[in-house]
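S.K.: The structure is given below, and queries will be raised subsequently.
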Amino acid sequence: MLLAFIDESSNRLHYRTIGLIVHQDNARLLLDGLNSVMDRAAATYDGIEPDDELHGHDLFQATEGWAPLRRLTRARISIYKQSLEVVAEHCEVFFVEGLDRGRFQSRYADEHDEHVTTLLHLLEKLDHYADRRGQDLIVVADEHHTARAAQEALRGTRSRAVWGYRGQPRRIVDTVYFVSSEMSRLVQAADLVAFLHQRVADVVETDKRAARANEELWSVIAPSMRKERIWKP
């Protein structure tokens, strides 16, 4: 059995949905590894708790639970890198499906939702990957206001053609489960990758130190990435 953990990222230009695939035998190792990173961080730095959330934006920008490390940039980068090393060790692969927001909204905003669209396109790729591996797939996604619409759209592929999804799912078990990332360390792993991917793909850093940090972090996870697709309708 394979597990997919899904999160999304967006900016003015692009909307992306990212899925990390983990074999069930490695899910506990991934969870324990991320918790160990947090345990070490809490033991080393005042104000950090073992149960703090590993969200890419908060860790990178020193907001929310990571505010105590605002002046400790290298420490935050180190914690981010350690987390990504755990992800890279235990995840098989990750896929990125995106779209051009301006072009999509000008053509389809009244008919289709960008989150549901990218999610269905991503699920199709994940389903094909699982089928090639001869494994069934359970999907866990970050909580989103379009959760019900996404679940209904996926279920609909079993009986009728759904816009944006070209075939019937062969390996996805039941439907997509949506959970709050506050409750799921493994969905937080997808969040770490999603945030970093957006910065590397879309942000032009004016600070050379920030650019080097991005490159250092991306080098950890890049070998696990399958080619990204940005749909330009």
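Read the figures in this text as sums done on the coordinates, not as results from a lab. Fair warning: this is a prediction, and the values are worked out from it, not measured in the lab. Cβ placement follows ideal geometry from the backbone for every residue including glycine, while neighbour counts extend to all protein chains displayed.
S.K.: Taking ALA147 as meeting all but one of (1) surrounded by fewer than 15 Cβ atoms within 10 Å (Cβ to Cβ); (2) under 28 Å from ARG28 (Cα atoms), write down the number of the exception.
M.R.: (1)
S.K.: How many residues does segment 16-73 contain that are under 23 Å from the mean Cα position of the chain (by Cα), crowded, with 17+ Cβ neighbours inside 10 Å and not in a helix (DSSP H, G or I)?
M.R.: The number of residues fulfilling the criteria is 12.
S.K.: Kindly evaluate ARG76 against the criterion of being in a helix (DSSP H, G or I), basic (Lys, Arg) and farther than 21 Å from ILE138 by Cα.
M.R.: On the way: in a helix (DSSP H, G or I): yes; basic (Lys, Arg): yes; farther than 21 Å from ILE138 by Cα: yes.
Here the answer is yes, as ARG76 does meet what is asked.
S.K.: Okay, next question. Could you name every one of the helices (runs of 4 or more DSSP H) located completely within segment 145-233 that has at least 2 residues being in contact (Cβ under 8 Å) with a residue 60 or more places away in the chain? Lay out the reasoning, then the answer.
M.R.: Numbers: elements: 147-156, 185-202, 208-221.
Filter on segment 145-233 gives 185-202, 208-221.
S.K.: Okay, moving on. Quick one: would you say ALA213 is surrounded by 15 or more Cβ atoms within 10 Å (Cβ to Cβ) and out of contact with any helix residue (DSSP H, G or I) (no Cβ under 8 Å at 6 or more places or on another chain)? Let's see the steps before the verdict.
M.R.: Details: surrounded by 15 or more Cβ atoms within 10 Å (Cβ to Cβ): yes; out of contact with any helix residue (DSSP H, G or I) (no Cβ under 8 Å at 6 or more places or on another chain): no.
When the stated conditions are applied, ALA213 does not pass them.
S.K.: Another question, if that's okay. Would you tally the residues in segment 130-144 being among the β-branched types (Val, Ile, Thr) and farther than 9 Å from ILE172 by Cα?
M.R.: Taking segment 130-144 and keeping what is among the β-branched types (Val, Ile, Thr), we get 138-140.
Imposing the further condition that a residue be farther than 9 Å from ILE172 by Cα reduces the set to 140.
Result for segment 130-144: 1.
S.K.: Give ASP58, ASP7, ASP52 a once-over and let me know the one that is farther than 27 Å from ASP113 by Cβ and acidic (Asp, Glu).
M.R.: Numbers: ASP58 fails: farther than 27 Å from ASP113 by Cβ; ASP7 fails: farther than 27 Å from ASP113 by Cβ.
Only one candidate passes the filter, namely ASP52.
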